[in-house]
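Here is the structure we will look at.
The values are calculated or read from the model by the stated rules, or taken from the named source; none is laboratory data. In this text the structure is predicted, and so the values were computed from the model without any measurement. All Cβ positions, glycine included, derive from the backbone under ideal geometry; neighbour counts span all protein chains shown. Areas reflect the complete protein model, heavy atoms only, side chains present, ligands, DNA and RNA absent. Shrake-Rupley method; radii C 1.70, N 1.55, O 1.52, S 1.80 Å.
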Amino acid sequence: MKSPIHESTETPKELSGDGPFAKSARWQDKYPLWFWGFVLFVVFVSCVPYLYGAWKTIEGETYLGLHMNLDDQMVYAAWTKQASEGKFFFENLFTTDPQLGKNVNLYFFVIGQLARWIWIPAAMHIGRIVFTVLFLLQLFSFTKRVTGSPLAQKVLVVFAVFGAGLGWLFWKRYGQESPIDVWQPEAFTFPSLMTNTLFPVSLWLMFVVWNSILGAKDSWKPVLPGALAAFVLTNIHTYDTLNIAIVGFGLLLSTISAKTFSKDWLIRAFVIALAAVPPVLWFVYLRANDPVFAARAETPTFSPPIPLVLLGIGLLIPLAWLGAVFCTKRTSPLTPSSLILSLFVYVALLFALQILHKTWGASLDARWIGVWILLALAFALYGASFRITNPAQALLLVWSLLGIVLLYYPGLFQRKLAMGLSIPFAMLAGLLVSQGLEKIHRFDFRRLCTLAAIVLLGATNLRWIQREIEMARDNISITTVHPIYLDSELTEIIETLEKNRKANDVLLSIPGYSRQVAEDEWELLLPDLNPIATGLTGIRTYAGHWSETPNYLEKRTELVNMLYSQGATMESANRILEKTKATYVIFPLGEKAEVISSPFPEDVLGSEWKLVAGGASYGLYHLER
C-alpha cells in the first residue's frame, strides 16, 4: 500500500521571494485559512454550554460558569484568588490543619493577575480559550512533522481534537462505571478544552516539549523553549512530566532501532529534560515537609478496569495499529507473516496487562512494580520493532502503546497520567483514514466520507456538550452535591464573605446532600458551599474538598454530627467550633433544614453568633467578640 507521507513540502514559487505579500503568504502557508476556521469552530463549540448557562441565568442569581467537577475547579479558583491578592506561595485553604503553605503554581499565579480586574471564573475561562488556541497551533505544527500531505494534516488535527471511543453507546451522566471517554476528560482532547482551564495549558506545554525534542534532532534552537515548557509543565501538572519521561524513553529505543539516533540529539533532549529537575525537587521538598501537601499528593486516584479504557478509546485502537503498520515510514515493510505476528504480540501485551491488573489491581506490592516495569519495557520494545524512521510517527506509536501502560503505573495517582491519551491513537488513525481519502477523487464524496469518520469517531463529544448543558439546566454538577447557580440568598452570603472575610477566618458549612430520583438522575437537596466559598472568597474551610482536606470523610462526618445533626447540642457545637476556630457558620433554615432535620441555629450557637446574611433558606452567622 502506497504511503501518503512526504518528507517535506516546498513553498510554491509564486509565494516565495521578498515581495509585498511574501510575509503574509508565508504565514498563511504555515497556518492556512482552513486551520483558523477550525480554531474558531473549536473555541466556539467549547463555549456553547457556558453561553447557554449565562443565557439561562435569572435576575438575582449568580452563574458560577463552571460545570464539570465543580469542586476541583474551586481548588483552582482558590489558588487564583490568592494570586489576585498578591500571593506567590499558596496555602491549602480547604483545611485548618497546620501546613507549610509554600505551594507554587505558575499558571494560576498568572490567571490571578487577570482576576484582579475580572471575576475569577471569567479569568479561568479566558485562560482556557487562550491556551486552547495556543495548543491547536502546537498541534498543527506537530502534524507537519508527521506528514507532508495537506489532506493528512487536516485529518490528523481534526481527529486529534475530536477523536474518542464508544462511550456514546454506554452513556451515563453520573458515575465512573462507563468507558473512560464518558467521564475522564483529561484523556480526550475536546472535553479537556471544554471543561477545565488547566488542561489546555498542560496540553500546550506537552506539545511544546514534544515539538522541541523533535526539533532538537538537528538544532539547539528549540532547546530553550522546550526547557521553559518542561519547567512550567512540571510545576503546574507534574504528572504530565512523568508521562513525557516514560514515553520519551520509548522514543529513544525507537530511534536506536530505526538508526535515526544521534548523540547530539540525545544531549539536546537531555538538556530540555534537566529543566524539569528544579520543580521536581520542590515537589519532593514539599511532600517531605508539608503534611497537608503530602496528604493531597497521596489521594488515591486509581484507573478503572482495562476494558473500560479500551472501550473508551474504541475504534481508534485498531485504526491506529493499522495506521502504524501501513502508513508510517519504516526501514523495511512488514511481511504477511510478520504482520500476523505483530498483531498477535500487540493483543498478547494488552491481555497480559489486563491479567496483571486484575490480579494485583492498584497494589503497590514490590512484585507489581517490578512486573509493571518489565511490561512497560515490553511495550516500548514492541514499538521499537516497527523501526519507524520518521521520529514524530515513532513518537505517536510509542505514546499510544505506553499511554495505556501508564494508566496502571504503580502509584496512587494512576488516573492522572492520562493527559492526551487519545491523541496518538487519533493521529495514527488519521494517517490511515487520510490515505484512504487520497484515493477518492470525487471531492463531494471525499467530504462525505470525512464527515462520516468524524461523526463515528467523535460522537461522544456531542454527549459531553449535552451533559454540560444539562448540568446548567438542572443546576447540579456531575458531583451531585454542587450547584451551577447560586440563588439570590446564597449570592448575598458569598458577597458578604467576600467583603468581610479576614485572613484567619474559618467557615463551617454543611456538606451537600442529594438523592437519586431515577436511573442516572439526581436531585440536589442541599448544596455543598464549602469549596465554593473557599474558591470565590478565599475563606478557609474545615471539610472543604474530598482530596484537599486530609481525612476528609472523617472530618465531614464529625462536622455533621457535632453541628448539623438532629442530635447536635450546644456542647457538641462548642467543641467543633473551638477545635476549628470557626468565625463564620452557614446553617440551612426552614424547609432546607428539614432535609436532614438540622437543629435551629439558636439551639446550638451562643448569643455571640449573629445573623449577617440570608435568613430564609440559609443563614450566615458570624462570631462577634
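Taking 1.002 mPa s as the viscosity and 20 °C as the temperature, the Stokes-Einstein diffusion coefficient of region 386-429 based on its alpha-carbon Kirkwood radius rounds to 194 µm²/s.
From the square roots a ≥ b ≥ c of the eigenvalues of the alpha-carbon gyration tensor of region 30-131, which class results: rounded (a/c under 1.5), prolate (a/b over b/c), or oblate? Walk me through the numbers on the way to the answer.
On the way: a/c = 2.54, a/b = 1.51, b/c = 1.69.
Oblate shape, in that a/c is at least 1.5 and b/c is the bigger or equal ratio.
Let me make sure I get this right: for region 535-602, a, b and c are the square roots of the gyration tensor eigenvalues over alpha carbons, sorted descending. Under 1.5 in a/c it's rounded, otherwise prolate if a/b > b/c, else oblate. Which is it? Don't jump to the answer; show the numbers that get you there.
Working: a/c = 1.57, a/b = 1.42, b/c = 1.11.
Because a/c hits 1.5 or more and a/b exceeds b/c, region 535-602 counts as prolate.
At full extension, L462 and F249 could sit 73.1 nm farther apart than now, given 0.36 nm per residue minus the alpha carbon distance. In this rough spin-label picture, where each label sits 7 Å from Cα along the Cβ direction, the K610-N504 distance is 2.0 nm.
How long are the three semi-axes of the equivalent ellipsoid for region 67-199, computed from the Cα gyration tensor as the root of 5 times each eigenvalue, in whole Å, largest first? Please list the in-between numbers first.
Values: eigenvalues 210, 89, 29 Å².
They are 32, 21, 12 Å, listed from largest to smallest.
Of K416/K555; K555/K581; K502/K610; K87/K416; K81/K581, which sit over 20 Å apart, Cα to Cα? Pairs exceeding 20 Å: K416/K555; K87/K416; K81/K581.
Using the Cβ of N103 as centre and a radius below 10 Å, the other residues enclosed give a net charge of 0, where K and R count +1 and D and E count -1. Counting only Cβ charges, +1 for Lys and Arg and -1 for Asp and Glu, the dipole size of the chain around its Cα centre is about 2840 debye. In terms of packing, defined here as the mean over residues of other Cβ atoms within 10 angstrom, the peptides 241-248, 55-62 line up highest first as 241-248, 55-62.
Hey, can you rank 346-353, 163-170 by average C-beta count inside 10 Å, highest first?
Highest-to-lowest ranking by the protection proxy: 163-170, 346-353.
Order of 187-197, 579-589 by packing, highest average Cβ count within 10 Å first? Display every interim value, and only then the final one.
Working: 187-197: 26.1, 579-589: 21.4.
Result, highest mean first: 187-197, 579-589.
Between A297 and K221, what FRET efficiency comes out of the Förster formula 1/(1 + (r/R0)^6) with R0 = 30 Å and r the beta carbon distance, rounded to 0.05? Show your work: numbers first, answer last.
Values: r = 36 Å, r/R0 = 1.20.
Rounded to the nearest 0.05, the efficiency is 0.25.
Every pair of different Cα atoms in region 350-453 enters the Kirkwood calculation, which places the hydrodynamic radius at 15.8 Å.
With Cβ to Cβ distances under 15 Å as the rule, what net charge do the other residues near R387 carry (K, R +1; D, E -1)? Present the calculation step by step, with values, prior to reporting the outcome.
Values: positive: K259, K329, R330; negative: none.
The answer is +3.
With semi-axes defined as the square roots of five times the eigenvalues of the C-alpha gyration tensor, the equivalent ellipsoid of region 194-253 measures 20, 14, 10 Å, largest first. Please state the shape class of region 96-158: rounded when a/c is under 1.5, otherwise prolate if a/b exceeds b/c and oblate if not, all from the C-alpha gyration tensor. Prolate, because a/c is 1.5 or more and a/b exceeds b/c.
Summing charges over neighbours of K172, with a neighbour being any other residue whose Cβ is under 14 Å away from its Cβ, gives -3 when K and R count +1 and D and E count -1. Taken along the Cα-to-beta-carbon direction at a fixed 7 Å, the label points for E470 and L40 span 3.2 nm. The mean sequence distance of close C-alpha pairs (under 8 Å, at least 6 residues apart), as a share of the length of region 216-340, puts its relative contact order at 28 percent. Averaged over its residues, the chain has an accessible area of 42 Å² per residue, based on protein heavy atoms and a 1.4 Å probe.
Debye sum, Cα scatterers, region 472-625, no solvent: what log₁₀ I/I(0) at q = 0.09, 0.10, 0.13, 0.19 1/Å? Evaluating at q = 0.09, 0.10, 0.13, 0.19 Å⁻¹ gives log10 I(q)/I(0) of -0.26, -0.32, -0.55, -1.26. The spacing between region 267-311 and region 405-484, judged by their C-alpha centroids, is 25 Å.
For the pair K579 and L33, the difference between a 0.36 nm per residue extended length and the Cα-Cα distance amounts to 190.4 nm.
What percentage of the solvent-accessible surface of the chain, computed with a 1.4 Å probe over protein heavy atoms, is contributed by carbon and sulfur atoms? Ligands and nucleic acids excluded, carbon and sulfur give 63 percent.
For F261 and I340, FRET efficiency with R0 = 25 Å and r from the beta-carbon atoms, rounded to 0.05? Working shown, then result.
Numbers: r = 29 Å, r/R0 = 1.15.
Using R0 = 25 Å, I get an efficiency of 0.30.
Extension gain, K358 to K56, is 104.1 nm, computed as 0.36 nm per intervening residue step minus the present C-alpha separation.
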